[in-house]
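Report on the structure given below.
The values are calculated or read from the model by the stated rules, or taken from the named source; none is laboratory data. Computed from a predicted model, the values in this text were never measured in an experiment. Note that we place each Cβ from the backbone using ideal geometry, even for glycine, and neighbour counts take in every protein chain shown. For the accessible areas, the whole protein counts, side chains as well, though only heavy atoms, and no ligand, DNA or RNA atoms are used. Shrake-Rupley method; radii C 1.70, N 1.55, O 1.52, S 1.80 Å.
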Amino acid sequence: LSVVHVHNRPRYVKSLRRMGYRGRILLHMHNSLSSYVTPEEFAAFRDQIDEIVFCSEFLRQEALSEFGSLPKSGVLHNGVSAPRTEDDPPRRTSGSLVFAGRLVQEKGAAEAIEICTALNALGKPTRLTILGGTGSGISNDSTSYSRALVEAARVTNDRFGASTVVIRGPVPHRAVLEEFARSDVFLYPCSWQEPFGMVALEAMSAGAIPVVSDRGGLAEVLGPTGYLITWPKNEPTGNTDT
């Protein structure tokens with residue numbers, strides 16, 4: 001092999017060199033480097049990496065700040081294939097919002113319900129569909145947070161009508177894209193620093209306008225399309241024509 005492309009596992013570099021590999025190594029980070037190694041540990045094998053690539057400039061700058069120096073580095077944004085439409089595409093529904101992500105506090109499902117409720121209270125009829133599981137892989141048991149979401153949805157539905165907020169559990173990826181295609185807006189008021197934000201990119205590819213928190217690499221995903229917000233102020237911090 002002339003090049004080994006290591007994804008998200010910097011310690012593999014040490015193993016490869018220990019086993020005698022002398023070719024080029026490209027380390028490709030899709031999450032924070034500090035989630036995998038300490039600065040001291042990384043310094044011990046930093047010179048054994050030929051190049052390190054991050055999925056966002058946000059992650060690259062974060063690593064520079066935390067690790068001081070890096071091998072030759074760059075940014076390679078993630079991409080998606082635009083979904084293919086067969087026969088008649090799903091009909092876009094006016095006033096429809098969709099949230100997709102794990103049902104954990106930092107992803108912002110509760111804030112999405114707050115925003116939907118506030119819009120309806122202002123006399124702007126709005127419907128929100130929440131797509132998400134409570135964990136990764138096949139772990140999707142009920143949690144105190146997911147139960148609180150169900151209760152918040154019930155309160156909003158009692159006030160503004162059934163199905164104002166609909167919470168759906170894990171659904172196939174194709175069904176997520178179809179829901180994106182049916183919705184006016186992809187709403188993602190997360191509170192954590194998204195390394196990139198693939199879900200926003202997929203929503204955009206299906207035609208939904210992204211309205212997302214100005215956190216992490218999400219601004220890089222939006223480019224010239226969509227809205228960056230700060231909730232609860234809900235003031236656009238970056239906006240271009242949509």
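Across region 22-36, what is the number of residues that are touching a residue at least 24 places away in the same chain (Cβ under 8 Å) and small (Gly, Ala, Ser)? Going through region 22-36 one residue at a time, the tally reaches 2. Residue count for region 25-64 satisfying the condition of being aromatic (Phe, Trp, Tyr) and touching a Gly at 6+ places or on another chain (Cβ under 6 Å): 1. Filtered by the rule that a residue be closer than 15 Å to Gly108 by Cα, part of a helix (DSSP H, G or I) and open to solvent by 10 Å² or more (accessible area, probe 1.4 Å), region 183-226 gives a lone residue, Val199. Selection within region 1-25: residues that are assigned to a strand (DSSP E or B) and open to solvent by less than 40 Å² (accessible area, probe 1.4 Å). The member of this set that is nearest to Glu194 (Cα to Cα) is Val6. Could you list, in sequence order, the residues of region 86-102 that are at pLDDT below 65 and either open to solvent by less than 100 Å² (accessible area, probe 1.4 Å) or under 13 Å from Ala112 (Cα atoms) (or both)? Once the filter is applied, which keeps residues that are at pLDDT below 65 and either open to solvent by less than 100 Å² (accessible area, probe 1.4 Å) or under 13 Å from Ala112 (Cα atoms) (or both), region 86-102 yields only Pro89.
Applying the criterion of being within 24 Å of the chain's Cα centre (by Cα), surrounded by fewer than 17 Cβ atoms within 10 Å (Cβ to Cβ) and in contact (Cβ under 8 Å) with a residue 24 or more places away in the chain to the residues of region 37-80, the residue that is farthest from Gly223 (Cα to Cα) is Glu66. If only residues of region 103-125 that are within 23 Å of the chain's Cα centre (by Cα) and not in a helix (DSSP H, G or I) are counted, the one that is modelled with the highest pLDDT is Gly108.
Just a yes or no: is a residue in region 163-182 in a helix (DSSP H, G or I), open to solvent by less than 60 Å² (accessible area, probe 1.4 Å), in contact with a Lys or Arg (Cβ under 8 Å, 6 or more places away or on another chain) and not charged (D, E, K, R)? Yes: one or more hits.
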